[in-house]
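Notes to accompany the following structure.
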There are 4 protein chains.
Amino acid sequence: MSRVTFDRSADKALGFVFSWPIRVYFEDTDAAGIVFYANYLKFFERARTEWLRTMDFDSSSGAEKFGGFFVVKSSNVEYHAPASLDDELASLLAVKKLGRASLVLEQTIMRGDQRLTSAQITLCFVDRTHWRVMPLEPTLAARIVAASSMSAT
Amino acid sequence: MSRVTFDRSADKALGFVFSWPIRVYFEDTDAAGIVFYANYLKFFERARTEWLRTMDFDSSSGAEKFGGFFVVKSSNVEYHAPASLDDELASLLAVKKLGRASLVLEQTIMRGDQRLTSAQITLCFVDRTHWRVMPLEPTLAARIVAASSMSAT
Amino acid sequence: MSRVTFDRSADKALGFVFSWPIRVYFEDTDAAGIVFYANYLKFFERARTEWLRTMDFDSSSGAEKFGGFFVVKSSNVEYHAPASLDDELASLLAVKKLGRASLVLEQTIMRGDQRLTSAQITLCFVDRTHWRVMPLEPTLAARIVAASSMSAT
Amino acid sequence: MSRVTFDRSADKALGFVFSWPIRVYFEDTDAAGIVFYANYLKFFERARTEWLRTMDFDSSSGAEKFGGFFVVKSSNVEYHAPASLDDELASLLAVKKLGRASLVLEQTIMRGDQRLTSAQITLCFVDRTHWRVMPLEPTLAARIVAASSMSAT
């Protein structure tokens, strides 16, 4: 019993480098019959988590491996159209800017060709002991650069 | 701008020793138009937290003060009638049994005189370092006994 | 970029007829460093939803197709061991009893061979207009019977 | 057993017209030991809900009374410092701009004098049948204007 896989070939054209499938369950919805506005931030975070995992940065062990981890500094979200129960969505991710100690991502929730929600999420890299902003660990930074350029091909 | 306070005088008759008001927001509901079934466990946990706080056991510092803390061992919940958006509920709590290392609570969600959800929640006391079951710290146990008998008066 | 698929061949021996993979994200955890106790009910519900989907009963359209839908009547959950961030879990489901208007499920959360949480969830079938208990729609009942016996082979 | 009331006299100076107390529970936190970033949007929504309630606009009946309701169009959130378990927070709200069919709010989460999270939330007023943007119902608009100027005194 495998999960449904989504055809995301069209996402390449948008410049997104990573896509993660999301199914909408009752837990995600509210009494207005749509996905509760805070829950899109969960969908964004799942895609970020899985994308970082492809770079060998896990939520549970990444900080130890790379000396630090990412915290969310700001989230700017536009809600274009609501997602509903049972919807099959894609949580897409593109790197907008990689700074010395920060990472700006464009994240979008799509249902087929329709863009439901789009966001710009800014992350800071902080050391794991004092949570102070520090330069990205070089190996991780190099992997992010490499992953980001994948969409150019 | 103070919170609404609920008249819970009738709860005394039920033997409940603690009551905590809950307002239902969009975040609590789902696309069926009612409170999502998992979220009643949040309402139960808020009442437990506030009740323990009256015994000087805080979620953040209680383990340090008393050498251990409570973990949920089992939750048996009956759903009688659904709560809806904007409902003013009361999350009630009674001590059913205090063991050497465990605590059995009866917890109920009421809307006025109507019992919406009732539960029996079993907690174990564990040491804060290894999370191993240990006897309740005596001062805390004494406070729970005292608090439980309050309803008898 | 496909989802990880889990080897669940051992689950057959337990009599479970359906398995759904769950990855633990930050959204599922709490400040104790483990999955928040209410969130296992989300994991159970995801497996129920996907299992019913295999019988052509969708959350969004099933009520219309079959004249009614399932509501949770009770949930009895035992917490054996906690799940943690990044864990790959399986949400398993077995039919314990199919009544005229009710369905009792055994649901378990496994991490590899370890049973973390086990539950007995009782559902009632209700008509979609007044939410009154009614006999299961016969086609759906037949499919549940067929699906349940799959594990016997 | 009444809820703690918070001294929010200092908030007047900030121009905020409404304040709602928030206590941080386990349900709000994540494995990083802090409030999960999506959950601040719940805190914002609670304050919006309670503020609108003071204008006789309830989540459950407001759409019927006023012909329409508010949907979130965008949320721009800055995370300055994290909230933690047991924190007593205030969710503050100020009207930044009232348009013909829209409402821009400044919302802030404070812990004492410390600003933890600040947001600009844009709402649109939509008719309750087709969810199409429509001018704010005049009585409601007048009440929002009146409520907004309260902070000037």
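Do we find that B:Ala31 is touching a strand residue (DSSP E or B) at 6+ places or on another chain (Cβ under 8 Å) and among the aliphatic types (A, V, I, L, M) in this structure?
Details: touching a strand residue (DSSP E or B) at 6+ places or on another chain (Cβ under 8 Å): yes; among the aliphatic types (A, V, I, L, M): yes.
Criteria met by B:Ala31.
Yes/no per residue for (1) buried (at least 16 other Cβ atoms within 10 Å of the Cβ); (2) touching a Phe, Trp or Tyr at 6+ places or on another chain (Cβ under 6 Å); (3) basic (Lys, Arg):
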| residue | (1), (2), (3) |
| --- | --- |
| C:Pro82 | yes, no, no |
| C:Leu85 | yes, no, no |
| C:Leu89 | yes, no, no |
| C:Arg100 | no, no, yes |
| C:Gln114 | no, no, no |
| C:Pro135 | no, no, no |
| C:Ser149 | no, no, no |
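Going through segment B:16-26 one residue at a time, which ones are open to solvent by 20 Å² or more (accessible area, probe 1.4 Å) and not in a strand (DSSP E or B)?
Of everything in segment B:16-26, just one residue is open to solvent by 20 Å² or more (accessible area, probe 1.4 Å) and not in a strand (DSSP E or B), namely B:Phe26.
Among the residues of segment C:83-94, write down those that are closer than 30 Å to D:Ala32 by Cα and part of a strand (DSSP E or B). Walk me through how you get there before you give the answer.
Taking segment C:83-94 first, the residues closer than 30 Å to D:Ala32 by Cα are C:83-92.
Correct list: C:Ser84, C:Glu88, C:Leu89, C:Ala90, C:Ser91, C:Leu92.
Within segment C:56-82, can you find the residues that are touching a helix residue (DSSP H, G or I) at 6+ places or on another chain (Cβ under 8 Å) and either in a strand (DSSP E or B) or closer than 21 Å to B:Asn39 by Cα (or both)? I'd like the intermediate steps shown before the answer.
Taking segment C:56-82 as the starting set, the residues that turn out to be touching a helix residue (DSSP H, G or I) at 6+ places or on another chain (Cβ under 8 Å) are C:56-59, C:62, C:66, C:69-70, C:72, C:75, C:77, C:79.
Residues satisfying the conditions are C:Ser59, C:Phe69, C:Phe70, C:Val72, C:Ser75, C:Val77, C:Tyr79.
For segment C:27-55, what are the residues that are in a loop (DSSP other than H, G, I, E, B) and either of a type in the set (Asp, Glu) or out of contact with any helix residue (DSSP H, G or I) (no Cβ under 9 Å at 6 or more places or on another chain) (or both)?
Initial filter on segment C:27-55 (in a loop (DSSP other than H, G, I, E, B)): C:30-33, C:36-38, C:54-55.
Matches in segment C:27-55: C:Asp30, C:Gly33.
Taking segment D:28-47 only, how many residues are within 13 Å of chain A (Cβ to nearest Cβ) and either open to solvent by 20 Å² or more (accessible area, probe 1.4 Å) or within 21 Å of A:Ser60 (Cβ to Cβ) (or both)?
Keep residues of segment D:28-47 that are within 13 Å of chain A (Cβ to nearest Cβ), which gives D:28, D:30-46.
This time we only want the ones that are either open to solvent by 20 Å² or more (accessible area, probe 1.4 Å) or within 21 Å of A:Ser60 (Cβ to Cβ) (or both), so: D:28, D:30-39, D:46.
Total satisfying the criteria: 12.
Consider A:Ser74 carefully, then state whether it is within 11 Å of chain C (Cβ to nearest Cβ), polar (S, T, N, Q) and either free of Cβ contacts under 8 Å to residues at least 12 places away in the same chain or open to solvent by less than 20 Å² (accessible area, probe 1.4 Å) (or both). Spell out the reasoning first.
Numbers: within 11 Å of chain C (Cβ to nearest Cβ): no; polar (S, T, N, Q): yes; either free of Cβ contacts under 8 Å to residues at least 12 places away in the same chain or open to solvent by less than 20 Å² (accessible area, probe 1.4 Å) (or both): yes.
Criteria not met by A:Ser74.
Touching a residue at least 60 places away in the same chain (Cβ under 8 Å), in contact with a helix residue (DSSP H, G or I) (Cβ under 6 Å, 6 or more places away or on another chain) and open to solvent by 60 Å² or more (accessible area, probe 1.4 Å): is that true of D:Arg128 in this structure? Write out each step before concluding.
Values: touching a residue at least 60 places away in the same chain (Cβ under 8 Å): yes; in contact with a helix residue (DSSP H, G or I) (Cβ under 6 Å, 6 or more places away or on another chain): yes; open to solvent by 60 Å² or more (accessible area, probe 1.4 Å): yes.
Here the answer is yes, as D:Arg128 does meet what is asked.
Report the residue count in segment B:95-153 for those that are assigned to a loop (DSSP other than H, G, I, E, B), modelled with pLDDT under 95 and of a type in the set (A, V, I, L, M).
0
Could you please find all residues in segment D:48-71 being open to solvent by 30 Å² or more (accessible area, probe 1.4 Å) and facing another protein chain (nearest Cβ under 8 Å)?
Correct list: D:Thr54, D:Asp58, D:Ser59, D:Ser60, D:Ser61, D:Val71.
Would you confirm whether or not segment C:103-113 contains a residue that is within 11 Å of another protein chain (Cβ to nearest Cβ), over 30 Å from A:Phe70 (Cα atoms) and out of contact with any Gly (no Cβ under 7 Å at 6 or more places or on another chain)?
Initially, segment C:103-113 is screened for residues within 11 Å of another protein chain (Cβ to nearest Cβ), giving none.
No, because not a single residue in segment C:103-113 is within 11 Å of another protein chain (Cβ to nearest Cβ), over 30 Å from A:Phe70 (Cα atoms) and out of contact with any Gly (no Cβ under 7 Å at 6 or more places or on another chain).
Quick one: what pairs do we get from segment C:92-116, first residue over 14 Å from C:Ala147 (Cβ atoms), second acidic (Asp, Glu), C-beta under 7 Å, 6+ apart or different chains?
C:Arg111/C:Asp87
The values are calculated or read from the model by the stated rules, or taken from the named source; none is laboratory data. Note that the structure is predicted; figures quoted are calculated from it, not measured. We place every Cβ from the backbone using ideal geometry, glycine too, and count neighbours over all the protein chains shown. When the accessible area is computed, the model is the full protein with side chains, heavy atoms only, and any ligands, DNA or RNA have been set aside. Shrake-Rupley method; radii C 1.70, N 1.55, O 1.52, S 1.80 Å.
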